[in-house]
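Structure, as structure tokens:
The values are calculated or read from the model by the stated rules, or taken from the named source; none is laboratory data. Everything quoted here is computed from the prediction, not taken from an experiment. Glycine also receives a Cβ, built like all others from the backbone with ideal geometry; neighbour counts cover every protein chain displayed.
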Amino acid sequence: MEVKEERRMLLIGEEAPDFEAVTTDGAIKFSEWAKDSWVILFSHPADFTPVCTTEFIGFTEIYPELEKRGVKLMGLSIDSIYSHISWISTIKEKFGVEIPFPIIEDLSMSVAEKYGMIHPAQSGTAAVRAVFFIDPEFKLRALIYYPLSNGRNMAEILRVIDAFQTSDKHKVATPANWNPGDKVIVPPPKTKADAEKRLKEGYDCTDWWFCKKEL
């Protein structure tokens, strides 16, 4: 009797799985294409579907902002390269939007399986709306999943990237509902002496362990 390999969810902080694939921009090795860049890899259920079309238009709208932040964008669905090319041509013709990022052909579902994009309770043959945030060290920083029925919020995708880049640059944390320009959280002190010192350092402190500051 054949034993199926147990599926394991990817975890934050792990190295992103590497792969080789054919895309609408040609063949790639993912780790080489992504080298030294932030990357957003996302999956969509199928070409020529209404919600996915709105998402591709949405991703195209934020694409210049992603470029400003040094972020590369790549899509994937379990469709052929010919379907991808035909669909993005149709989007250009019908909606006046030219898709600027590559899309992976994944008829074998090999990439989708590596990244846990197939959720059998939703569909065994279509990827859910997954988003993977990958940093320049090729580490997974966040994973977001949406069902087939509901499109993603592009403002949140930009906000997540801004939060990561702010935390990395300034060694701070970001509170709930944070947006660029809001105060950030100063990491709590780890010794009694530092805790006593913290309240005198000029931060906006509610208590020694809860302090914010402007950037």
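Would you confirm, using the coordinates I've provided, whether V71 is assigned by TED's automatic domain parsing to the domain that holds T53, under 23 Å from L11 (Cβ atoms), in contact with a Ser or Thr (Cβ under 8 Å, 6 or more places away or on another chain) and modelled with pLDDT of 95 or more?
So V71 passes the test.
Do any strands (runs of 3 or more DSSP E) entirely within the range 32-126 hold 2 or more residues that are over 19 Å from L148 (Cα atoms), and if so, which?
Hits in the range 32-126: 38-43, 71-77.
Within the range 86-122, how many residues turn out to be surrounded by 19 or more Cβ atoms within 10 Å (Cβ to Cβ) and not β-branched (V, I, T)?
Going through the range 86-122 one residue at a time, the tally reaches 9.
Does the range 29-37 include one or more residues that are in the same structural domain as Y146 (by TED's automatic domain parsing), out of contact with any helix residue (DSSP H, G or I) (no Cβ under 8 Å at 6 or more places or on another chain) and of a type in the set (S, T, N, Q)?
Yes, because at least one residue in the range 29-37 is in the same structural domain as Y146 (by TED's automatic domain parsing), out of contact with any helix residue (DSSP H, G or I) (no Cβ under 8 Å at 6 or more places or on another chain) and of a type in the set (S, T, N, Q).
Hey, among the residues in the range 176-215 that are aromatic (F, W, Y) and in a loop (DSSP other than H, G, I, E, B), which one's nearest to the chain's Cα centre (by Cα)?
W178
Looking at the structure I just gave you, is A126 touching a strand residue (DSSP E or B) at 6+ places or on another chain (Cβ under 7 Å), at negative phi and small (G, A, S)?
no
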